[in-house]
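Asker: Once you've had a glance at the structure underneath, I'll fire off some questions.
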Amino acid sequence: MSPILDIQNLRKSYGATEILKEINVAIEPGDFLVLVGPSGCGKSTLLNCIAGLEPITGGSITIAGQDMTDVSPKDRNIAMVFQSYALYPTMSVAKNITFGMKVRGVDQATQDKKLTEVADLLQISQLLNRKPGQLSGGQRQRVAMGRALVRDPALFLFDEPLSNLDAKLRVEMRTEIKKLHQTLNASIVYVTHDQIEAMTLATKIVVMKGGVIQQIGTPSEIYNQPANLFVADFMGSPAMNLIPAKVSKDGAGHRIEIARASQAPLVLADPRPLDLPADVILGLRPEDIAEAGYRSGDQVQEAACMVDMVEPAGADTYVVSSLGGKQVTARLHAETSATPGAALNLAFDLAKVSYFAPGSGERLN
Ligand code: ADP
């Protein structure tokens, strides 16, 4: 398969300020690509470059095999859904959805057919005569998507489409967008600052920071093998524990020593034949630290740790312990007897550990 979208060495500057640096990413037909990163990292700028709303400073963008350099936004065979929805307030829902087709000179019968299909798909058939002002946020969102869907484009672009909705509706619409993607097998580029949205929707995630791609991968690759400290910290909630540790060779594997203020150092053994420096940042997700007896596996190691805080969260209880000068969070079962100020045997799954270089922040294993 040839990529539906291929971005090579893309650069974008505003005046002397470089906003996007050497962006290289490609997606296959049917991919759901999510651009994620903190506010200001360049996600929307990249999306606007793909849409042709912003000229690029260098590199190339190819959509469905065609170089987009001299192609205007309306000829790019894309449809965009904006955060603001950008609906025409004086037009009915039906007119909002069909307006683009009318402008392009699509015949009335085709317009009607498309409108019916898309209204059915989005379950807004009963709303077609209303004006945008008479709709809820979620309904407006559906109309904005309907307008994109009737174009049947090569590529859909979504710019934070759920950020104006309240928390519950966001989750509902997220599921709807995922269903829609599965039904249509559409190719999508989707911008969000919400890492959970990225994880749940994407087939492929691009994590950005300061206009630079930090990692491209499947949600599982990004979550389980973060490329650097930034990705490790940004993706996942509660965040991955990132603990300074001393490492020494021990047979084929390593001895890991983590300093503690009020106890002897925590010593763990990683039998994996890795190439590690003497100082590392050890990364372990909260769910990979359990209460002793609740986790099994070849490389699960138990150690008594002082509990500083216990935070019940319904299905789970989070326990915080101070390790290597960091507040380390463990995700325990709800019935744990963990008590603040008392020691608890914790089980660390060494098979899940990521190592990072303290200076560069790059992944080491
Ligand atoms: P994000 O979508 O990740 O929040 P943006 O792409 O909106 O980030 O912005 C990236 C950077 O580009 C920001 O620092 C922003 O201030 C800057 N920027 C965006 N648009 C312009 C513009 N028209 N002129 C100058 N700088 C801009």
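The values are calculated or read from the model by the stated rules, or taken from the named source; none is laboratory data. No experiment lies behind these values; they were computed from the predicted model shown. For neighbour counting, all protein chains shown are included, and Cβ atoms are generated from backbone atoms with ideal geometry for every residue, glycine included. Heads up: the accessible areas ignore ligands, DNA and RNA and are worked out on the full protein's heavy atoms, side chains in. Shrake-Rupley method; radii C 1.70, N 1.55, O 1.52, S 1.80 Å.
Asker: Given a 1.4 angstrom probe, what's the average accessible area per residue across segment 115-238, in square angstrom?
Answerer: Here the residues of segment 115-238 average 42 Å² of exposed surface.
Asker: Got a number for carbon plus sulfur as a percent of the chain's accessible area, 1.4 Å probe?
Answerer: 51 percent
Asker: Report, in listed order, any pair from Lys113/Lys179; Lys114/Lys168; Lys43/Lys204; Lys74/Lys209 with a Cα-Cα distance greater than 18 Å.
Answerer: Lys113/Lys179; Lys114/Lys168; Lys74/Lys209, as the Cα separations exceed 18 Å there.
Asker: Using the Cα gyration tensor of segment 1-76, with a ≥ b ≥ c the square roots of its eigenvalues, what is the shape: rounded (a/c below 1.5), prolate (a/b larger than b/c) or oblate (neither)?
Answerer: Cα axes put segment 1-76 in the oblate bin.
Asker: Using 7 Å Cα-to-Cβ label points, what is the Asn365/Tyr294 separation (nm, one decimal)?
Answerer: Result: 2.3 nm between the two label points.
Asker: Could I ask something else about it? How far is helix 137-149 tilted, in degrees, relative to the longest principal axis of the Cα atoms in the chain, given as a value from 0 to 90 rounded to the nearest 10?
Answerer: 70 degrees
Asker: A further question follows. Taking a ≥ b ≥ c as the square roots of the Cα gyration tensor eigenvalues, with a/c under 1.5 meaning rounded and otherwise prolate when a/b beats b/c, else oblate, which class fits segment 134-205?
Answerer: Since a/c reaches 1.5 but b/c is at least a/b, the shape of segment 134-205 is classed as oblate.
Asker: Explain nothing, just the number: relative contact order of segment 221-365, from Cα pairs under 8 Å at least 6 residues apart, as a whole percent.
Answerer: 28 percent
Asker: Under 10 Å, Cα contacts only: if you run a Gaussian network model on the chain, which one of Thr45, Thr183, Thr98 comes out with the highest mean-square fluctuation?
Answerer: Of Thr45, Thr183, Thr98, the Gaussian network model singles out Thr183 as fluctuating most.
Asker: Could you sort His333, His193, His254 by their accessible area in this structure, using a 1.4 Å probe and putting the largest first?
Answerer: I get His193, His333, His254, largest accessible area first.
Asker: Kindly provide the Kirkwood hydrodynamic radius of the chain in Å, to one decimal, from all pairs of distinct alpha carbon atoms.
Answerer: Here the Kirkwood hydrodynamic radius works out to 23.2 Å.
Asker: Can you give me the angle between helix 108-122 and the longest principal axis of the chain, using Cα atoms only, in degrees from 0 to 90, rounded to the nearest 10?
Answerer: Long axis of 108-122 versus the principal axis of the chain: about 20 degrees.
Asker: Quick check: Cα centre of segment 18-96 to Cα centre of segment 278-355, how many Å?
Answerer: Each part's Cα centre sits 42 Å from the other's.
Asker: Further question on the same structure: Could you work out how much longer the chain between Ala259 and Asp279 gets when fully extended? Use 0.36 nm per residue separation minus the Cα distance between them, nm to one decimal.
Answerer: 6.0 nm
Asker: Once fully extended, how much extra length lies between Leu184 and Ala313, figured as 0.36 nm per residue of separation less the alpha-carbon to alpha-carbon distance?
Answerer: 42.7 nm
Asker: Right, another one. Taking only Cα atoms and a 10 Å spring cutoff, compute GNM fluctuations for the chain and point out the largest among Tyr190, Tyr85, Tyr294.
Answerer: Of the options given, Tyr294 has the highest mean-square fluctuation.
Asker: Report the Stokes-Einstein translational diffusion coefficient (µm² s⁻¹, integer) for segment 160-248, Rh taken as the Kirkwood radius over Cα pairs, at 37 °C with viscosity 0.692 mPa s.
Answerer: Once the numbers are plugged in, D ends up at 226 µm²/s.
Asker: Right, something else. Taking Cα pairs under 8 Å and at least six residues apart, what relative contact order does the chain come out at, in percent?
Answerer: Result for the chain is 15 percent.
Asker: Under the rule of -39500 (n - 2.57) per DSSP H run of 4 or more residues, summed and divided by the residues of the chain, what mean residue ellipticity at 222 nm is obtained, to the nearest 500 deg cm²/dmol?
Answerer: Rounded to the nearest 500, the figure is -7000 deg cm²/dmol.
Asker: For Gln66, put the label point 7 Å out on the Cα→Cβ axis and report which residues of segment 143-163 keep their amide N under 17 Å from it.
Answerer: Label zone hits: 151-157.
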